[in-house]
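J.: Sharing a structure, written as structure tokens. Questions coming.
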Amino acid sequence: MVPHPTLTSRYDKPEGKPEFVSRLFDAGAKHYDAVVDWGFLRSGSFYRRWAQQRHGLRPGMRLLDVACGTGLMATAAARILGGAEAITCVDPSEGMLQVARGKLNATFVHGHAEALPFPDASFDFLTLGYALRHVMDLETAFREFRRVLRPGGKLLILEVTKPSAPLPAALFRFYFGTLYPALAGLFTRSRDAKNMMQYYWETMDACVLPATVVTALTSSGFVDARRDMQLRIFSEYHGRVP
């Protein structure tokens, strides 16, 4: 189950997606934090920490942050856990990992969501922050998430979701599809940053419906899988291992 159809303007075949995404984020990594910070009105750090706390992250847990990017989810988690020693971060982009390594004393691993290089039942909590759209196959990734979580372990996926109502959808499209990429390019003077945020919009626009994500979680073995919403655009998908 793919998170969105093949974007042929970006890569010709589905098999080309991982390489394209890695190149895209390698090129834009040095700009990512600044662009995301002002693009979400400097609320991201608080929200990531708040969401993880509400969904059960506690001191003493071992955390796996999948598609960690520049470490924004992991940095927020470290404030809850009292440090980063129990955090493992995995990402396919070496450029993003390089930025993340400079922020916190976590374990960093180059890898993909669909083939996590960890033993079964290794973690208590798993996060995927705003990267659901970048995996190759939802059910394959979710089965891996379930495999590496211990019995009773919890999953939290944060994502930005296009509204269904016409007016909010139009405003969403204008901001993320037009204004945000333009400002990213203007303020950073980087074509890579603009291109990264254009792709960010393209994948949000084409992403499968939330109900499809919840169905994929359930079919992959998670129980109590559901989606919560904040401000009508921020999706929090969560579930637990039986």
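The values are calculated or read from the model by the stated rules, or taken from the named source; none is laboratory data. Here the structure is a predicted model, which means the values were calculated and not measured. Quick reminder, even Gly has a Cβ in these numbers, built from the backbone with ideal geometry, and neighbours come from all protein chains shown.
J.: Determine which single condition ALA131 fails, assuming it passes every other condition in (1) over 13 Å from SER220 (Cβ atoms); (2) surrounded by fewer than 24 Cβ atoms within 10 Å (Cβ to Cβ); (3) hydrophobic (A, V, I, L, M, F, W, C).
T.: With respect to (1) over 13 Å from SER220 (Cβ atoms); (2) surrounded by fewer than 24 Cβ atoms within 10 Å (Cβ to Cβ); (3) hydrophobic (A, V, I, L, M, F, W, C), ALA131 is out only on (2).
J.: Something else now. Looking only at the range 35-76, which residues are at pLDDT below 95 and not in a helix (DSSP H, G or I)?
T.: PHE40, LEU41, ARG42, SER43
J.: Something else: Would you check which residues across the range 136-168 are in a helix (DSSP H, G or I) and within 21 Å of the chain's Cα centre (by Cα) and list them? Outline the logic, then answer.
T.: So in the range 136-168, the residues in a helix (DSSP H, G or I) come out as 138-148, 166-168.
Across the range 136-168, the qualifying residues are LEU138, GLU139, THR140, ALA141, PHE142, ARG143, GLU144, PHE145, ARG146, ARG147, VAL148.
J.: Just to check your reading of the model, which residue among VAL35, VAL66 is surrounded by 18 or more Cβ atoms within 10 Å (Cβ to Cβ), within 14 Å of the chain's Cα centre (by Cα) and within 21 Å of MET204 (Cβ to Cβ)?
T.: Being surrounded by 18 or more Cβ atoms within 10 Å (Cβ to Cβ), within 14 Å of the chain's Cα centre (by Cα) and within 21 Å of MET204 (Cβ to Cβ) holds for just one of VAL35, VAL66, which is VAL66.
J.: If you don't mind, another one. Mind listing just one residue for me: the one in the range 159-215 that is in contact with a strand residue (DSSP E or B) (Cβ under 9 Å, 6 or more places away or on another chain) and over 24 Å from LEU24 (Cα atoms) and, of those, surrounded by the fewest Cβ atoms within 10 Å (Cβ to Cβ)?
T.: ALA211
Every residue, every condition in (1) basic (Lys, Arg); (2) touching a Pro at 6+ places or on another chain (Cβ under 8 Å); (3) under 30 Å from ARG58 (Cβ atoms), yes or no:
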| position | (1), (2), (3) |
| --- | --- |
| VAL148 | no, yes, yes |
| LEU155 | no, no, yes |
| LEU158 | no, no, yes |
| SER164 | no, no, no |
| LEU183 | no, no, no |
| ASP224 | no, no, yes |
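J.: Can I ask one more? Scan the range 1-32 residue by residue and report those that are among the hydrophobic types (A, V, I, L, M, F, W, C) and either crowded, with 16+ Cβ neighbours inside 10 Å or not assigned by TED's automatic domain parsing to the domain that holds VAL99 (or both).
T.: Filtering the range 1-32 down to residues among the hydrophobic types (A, V, I, L, M, F, W, C) leaves 1-2, 7, 20-21, 24-25, 27, 29.
MET1, VAL2, LEU7, VAL21, LEU24, PHE25, ALA27, ALA29, listed by residue number.
J.: Would you mind stating whether ALA216 is touching an Asp or Glu at 6+ places or on another chain (Cβ under 7 Å) and either modelled with pLDDT under 95 or in a helix (DSSP H, G or I) (or both)?
T.: Details: touching an Asp or Glu at 6+ places or on another chain (Cβ under 7 Å): yes; either modelled with pLDDT under 95 or in a helix (DSSP H, G or I) (or both): yes.
When the stated conditions are applied, ALA216 passes them.
J.: Here are VAL208, VAL214, VAL135: which of them is over 20 Å from ALA34 (Cα atoms) and either free of Cβ contacts under 8 Å to residues at least 60 places away in the same chain or not aliphatic (A, V, I, L, M) (or both)?
T.: Details: VAL208 fails: either free of Cβ contacts under 8 Å to residues at least 60 places away in the same chain or not aliphatic (A, V, I, L, M) (or both); VAL135 fails: either free of Cβ contacts under 8 Å to residues at least 60 places away in the same chain or not aliphatic (A, V, I, L, M) (or both).
Result: VAL214 is the single residue among VAL208, VAL214, VAL135 that is over 20 Å from ALA34 (Cα atoms) and either free of Cβ contacts under 8 Å to residues at least 60 places away in the same chain or not aliphatic (A, V, I, L, M) (or both).
J.: Additional query: Would the range 77-84 turn up any residue that is farther than 20 Å from VAL109 by Cβ and not in a loop (DSSP other than H, G, I, E, B)? Don't jump to the end; show me each part of the working.
T.: Taking the range 77-84 and keeping what is farther than 20 Å from VAL109 by Cβ, we get 79-80, 82.
Then drop every residue that is not not in a loop (DSSP other than H, G, I, E, B), which leaves 79-80.
So far as the range 77-84 goes, yes, one or more of its residues are farther than 20 Å from VAL109 by Cβ and not in a loop (DSSP other than H, G, I, E, B).
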